[in-house]
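To start, the structure itself, in structure tokens.
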Amino acid sequence: MVIKASNITRIYKMGSISVKVLNHISLSVEKGKFISIMGPSGAGKSTFLHILGCLDRPTSGEYKLDGLDVVNMNDSQLSNYRNKKIGFIFQLFNLLPKEDIFYNVELPLFYAKKKKKERKERVEEVLSLVGLLHRITHKPNQLSGGECQRVAIARALVNCPALLLADEPTGNLDSHAGHQIMEIFTQLNEQGHTIILVTHNEEMAKYAKYSLYLRDGKIEK
Ligand SMILES: Nc1ncnc2c1ncn2[C@@H]1O[C@H](COP(=O)(O)OP(=O)(O)O)[C@@H](O)[C@H]1O
Ligand SMILES: [Mg+2]
């Protein structure tokens, strides 16, 4: 199992008010699966994906990522493990605007302490995978939205993660670019990557092999 999450809750506290966004969610995901999570805005999709991606911690519950308990890791153990195991793709790409494409994709390899030669080879490999090797010296603002998202996918792949998580990755793209991104996810899944996609676009969700629905803090199949 890449993911084994049990009884996950997440409560946001704001002053005297607490809001239970995730209500005892359990989810197991085997290697090689491609799953979409749909649900209305505010349902907790991003909250859940951030917990799966170790960007946030559950209020209670258990979570094993690729066999290791992540709930009890300290912050630095968790960020190391996240860098190795998770490729996260955001709606707004989250690229460093002042840095070129090479540097943006290389960054996770720095954190993983890879040597210069290996970094260069690996960056070129993942950029050619998304068809953007010819843009390697460009800056993000010289690329289209669809191209920026392909760079973000390359960055997510660069450490060979166990899990790719994408939060509304086509939400800021036109339909053509959106379908291009989904074609890339489909290819990656055919090569064995495990993918969880959050979207409220039914057309995009259809690319996944399984769909889940998040509503009222619970998951419906
Ligand atoms: N950091 C936060 N503090 C307080 N409430 C939050 C926070 N993040 C999200 N929420 C609330 O949790 C609910 C779920 O948000 P979110 O996970 O972003 O939903 P979705 O991605 O499905 O639209 C919303 O009601 C939102 O306002
Ligand atoms: Mg969201």
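Using the Cα centre as the reference, give the magnitude of the dipole from point charges on the C-beta atoms of the chain (Lys, Arg: +1; Asp, Glu: -1; all else neutral), rounded to the nearest 20 debye.
Values: 30 positive and 23 negative charges, 131 e Å.
Computed charge dipole of the chain: roughly 620 debye.
Residue-wise HN-Hα couplings along the range 18-23, as the Karplus relation 6.51 cos²θ - 1.76 cosθ + 1.60 with θ = phi - 60° gives them from phi, are 10, 10, 8, 8, 10, 10 Hz; Gly and Pro carry x. Between 0 and 90 degrees, rounded to the nearest ten: what's the tilt of helix 145-157 against the longest Cα principal axis of the chain? So the inclination is approximately 80 degrees.
Rounded to whole numbers, the Karplus 3J(HN,Hα) couplings from phi for the range 192-201 are x, 6, 8, 10, 10, 10, 9, 7, 10, 9 Hz, using 6.51 cos²θ - 1.76 cosθ + 1.60 with θ = phi - 60°, and x at Gly and Pro. Annotation: amide H of Leu214 within the under-5 Å range of Met38, Gly39, Glu220, sequence separation 5 or more or interchain, hydrogens built in the peptide plane.
Counting only the Cα atoms, the range 177-221 fills a convex hull of 73 Å³ per residue. Projecting label points 7 angstrom from Cα along Cα→Cβ for Asn201 and Asn80 puts them 3.9 nm apart.
Only Lys, Arg, Asp and Glu carry charge here, each on its Cβ (+1 for the first two, -1 for the last two); on that basis the range 2-84 has a dipole of about 140 debye about its Cα centre. For the chain, take the longest principal axis of its alpha carbons; what is the angle in degrees between that and the long axis of helix 175-190, to the nearest 10 within 0 to 90? With rounding to tens, the tilt is 80 degrees. Local charge for His138 was computed over the other residues whose Cβ lies under 10 Å away, with Lys and Arg +1 and Asp and Glu -1, and equals 0.
Per residue, how many Å² of accessible area does the chain show with a 1.4 Å probe?
Values: 11240 Å² over 221 residues.
About 51 Å² of surface per residue is accessible.
Looking at the chain, the DSSP beta bridges with both ends there are about 55 percent antiparallel. Applied to the range 208-221, the Karplus parametrisation 6.51 cos²θ - 1.76 cosθ + 1.60 on θ = phi - 60° returns per-residue 3J(HN,Hα) values of 6, 8, 9, 10, 10, 10, 9, 8, 6, x, 10, 9, 10, 7 Hz, with x for Gly and Pro. Volume per residue of the convex hull around the Cα atoms, evaluated for the chain, comes out as 128 Å³. With contacts taken as Cα pairs under 8 Å at a separation of at least 6 residues, the chain carries a relative contact order of 31 percent. Placing dummy labels 7 Å off each Cα toward the beta-carbon, the span from Lys64 to Asn172 is 3.7 nm.
Residue pairs exceeding 32 angstrom between C-alpha atoms, taken from Lys85/Lys139; Lys116/Lys209; Lys114/Lys209; Lys84/Lys218: Lys116/Lys209; Lys114/Lys209.
How would the range 78-184 be classified by its alpha-carbon gyration tensor: rounded, prolate or oblate, with rounded meaning a/c under 1.5 and the a/b versus b/c comparison settling the rest?
Numbers: a/c = 1.79, a/b = 1.29, b/c = 1.39.
Taking the square roots of the gyration eigenvalues as a ≥ b ≥ c, the range 78-184 is oblate.
Look at where the Cα atoms of the range 128-189 and of the range 86-118 average out, and the two centres are 13 Å apart. On C-alpha positions alone, give me the angle between the axis of helix 101-111 and the longest principal axis of the chain, in degrees, nearest 10. The angle comes out at about 60 degrees.
Before rounding to the nearest 500, sum -39500 (n - 2.57) across all DSSP H runs of length at least 4 in the chain and divide by the residue total; then give [θ] at 222 nm in deg cm²/dmol. Each step should come with its number before you reach the end.
Numbers: 7 runs with 77 residues, N = 221.
Calculated mean residue ellipticity at 222 nm is -10500 deg cm²/dmol.
The values are calculated or read from the model by the stated rules, or taken from the named source; none is laboratory data. Here the structure is a predicted model, which means the values were calculated and not measured. No Cβ is skipped: glycine too gets one built from the backbone with ideal geometry, and neighbour counts run over all protein chains shown. To get the accessible areas, we keep the full protein, side chains included, count just its heavy atoms, and leave off ligands, DNA and RNA. Shrake-Rupley method; radii C 1.70, N 1.55, O 1.52, S 1.80 Å.
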